[in-house]
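Beneath this line is the structure, given in structure tokens, with notes to follow.
The values are calculated or read from the model by the stated rules, or taken from the named source; none is laboratory data. Bear in mind the structure is a predicted one, so any value in this text is a computation, not a measurement. Neighbour counts run over all protein chains shown; Cβ positions are idealised from the backbone, glycine included. SASA here: full protein model, heavy atoms, side chains in, ligands and nucleic acids out. Shrake-Rupley method; radii C 1.70, N 1.55, O 1.52, S 1.80 Å.
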Amino acid sequence: MRILLTNDDGINAPGLYVLEKIAAQLSDDIWICAPSEEQSGAGHSLTLTRPVRLREHAPRRFSVSGTPTDSVTMALRKVLPGAPDLILSGVNRGANLGDDITYSGTVSAAMEGALAGIPSIALSQVYSKEGVGNNVDFSAAEAWGAKALRPLIDAPFAPRTLINVNFPALPADKVNGVRVVRQGFHDYARGSVVEGIDPRGFPYFWFGLHGIEHTPGHNTDLEAIAEGFVSVTPLQLDLTHDASMSNLMDRYKA
């Protein structure tokens with residue numbers, strides 16, 4: 001099985017090395033193509049206004065001067081000798097739960113794989129407090145990664161779907177298991193914008209990662225993580241809200 005690894009934290013991110021360890025338990029045909037720099041929050045963006053550079057660091061290890069989407073595109077069209085059987089994106093430094101997935105470069109890399117018809121899975125490690133930098137504890141992801149992935153290897157993926165996996169901020173031996181759950185919901189009206197003054201005396205603003213309220217909700221990824229489980233959530237790329245179709249059609253009738 002040929003596996004493509006990518007992420008949004010960059011080619012040198014600790015989580016990517018964790019993902020390599022996980023993937024090595026599943027295959028020895030592993031390829032890496034990731035952004036050269038961190039691209040957190042890049043979403044499903046594609047670089048169109050400047051050239052994209054491809055760099056080979058070692059056999060089967062490449063970086064791209066662009067977004068996670070660029071990295072998957074370059075891997076499929078310029079790097080790999082043939083289509084991979086599986087794309088793994090992560091392990092992200094931080095959660096991708098609820099509505100956060102709409103911003104996530106990690107999830108978007110898996111989306112790009114799904115658009116290409118390749119089974120694709122995003123993996124993220126939740127952490128419990130801010131300001132930890134690269135000192136995120138990936139032990140839950142490292143111990144539970146292959147356990148979470150193996151049941152998915154031979155699972156049929158519906159067209160234009162992907163899987164989002166999150167590992168709780170717990171020591172590996174405290175994780176309660178794996179739960180298949182739906183996407184939750186955050187109340188972004190309560191998010192934060194941190195204001196400061198730069199050394200030249202000008203104001204700047206930094207979007208805060210704290211203060212976003214949420215109600216976990218029954219059978220959601222937020223609830224699963226809060227209760228110490230690995231969350232596994234199937235996502236679809238078709239954003240059509242079918243329940244609104246007939247009402248809108250009626251409004252346009254002559």
Scanning segment 98-133 for residues that are over 20 Å from Val72 (Cβ atoms), open to solvent by 10 Å² or more (accessible area, probe 1.4 Å) and modelled with pLDDT of 95 or more gives Val126
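Pick from segment 172-183 the residues that are farther than 25 Å from Pro14 by Cα and not in a strand (DSSP E or B): which of them is most open to solvent (accessible area, probe 1.4 Å)? Steps first, please.
Taking segment 172-183 as the starting set, the residues that turn out to be farther than 25 Å from Pro14 by Cα are 179-183.
Checking which are not in a strand (DSSP E or B) leaves us with 181, 183.
Values: Val181: 6, Gln183: 63 Å².
Per the stated criteria, the residue is Gln183.
Any idea which residue in segment 141-171 is surrounded by the most Cβ atoms within 10 Å (Cβ to Cβ), counting only those that are in a helix (DSSP H, G or I) and among the small types (Gly, Ala, Ser)?
For segment 141-171, the residue satisfying everything is Ala141.
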If we keep only residues of segment 221-250 that are in contact (Cβ under 8 Å) with a residue 60 or more places away in the chain, part of a helix (DSSP H, G or I) and in contact with a Pro (Cβ under 8 Å, 6 or more places away or on another chain), then the residue surrounded by the most Cβ atoms within 10 Å (Cβ to Cβ) is Ile225
field: Flag if Thr47 is open to solvent by 20 Å² or more (accessible area, probe 1.4 Å) and either in a loop (DSSP other than H, G, I, E, B) or hydroxyl-bearing (Ser, Thr, Tyr) (or both)
entry: yes
### Message
Going residue by residue through segment 212-220, is there one that turns out to be at pLDDT 95 or above, β-branched (Val, Ile, Thr) and part of a loop (DSSP other than H, G, I, E, B)?
### Response
no
Note: among Ile3, Ile32, Ile11, Ile22, just one is assigned to a helix (DSSP H, G or I) and crowded, with 18+ Cβ neighbours inside 10 Å, namely Ile22
Check your understanding: Is it fair to say Gly177 is at pLDDT 95 or above and of a type in the set (Gly, Ala, Ser)?
Key -> yes
When restricted to Arg60, Arg53, Arg77, the only residue at positive phi and open to solvent by 60 Å² or more (accessible area, probe 1.4 Å) is Arg60
Reported set for segment 157-174 where residues are free of Cβ contacts under 8 Å to residues at least 40 places away in the same chain and closer than 20 Å to Leu5 by Cα is none
Within segment 50-84, residues being assigned to a loop (DSSP other than H, G, I, E, B) and among the hydroxyl-bearing types (Ser, Thr, Tyr) number 2
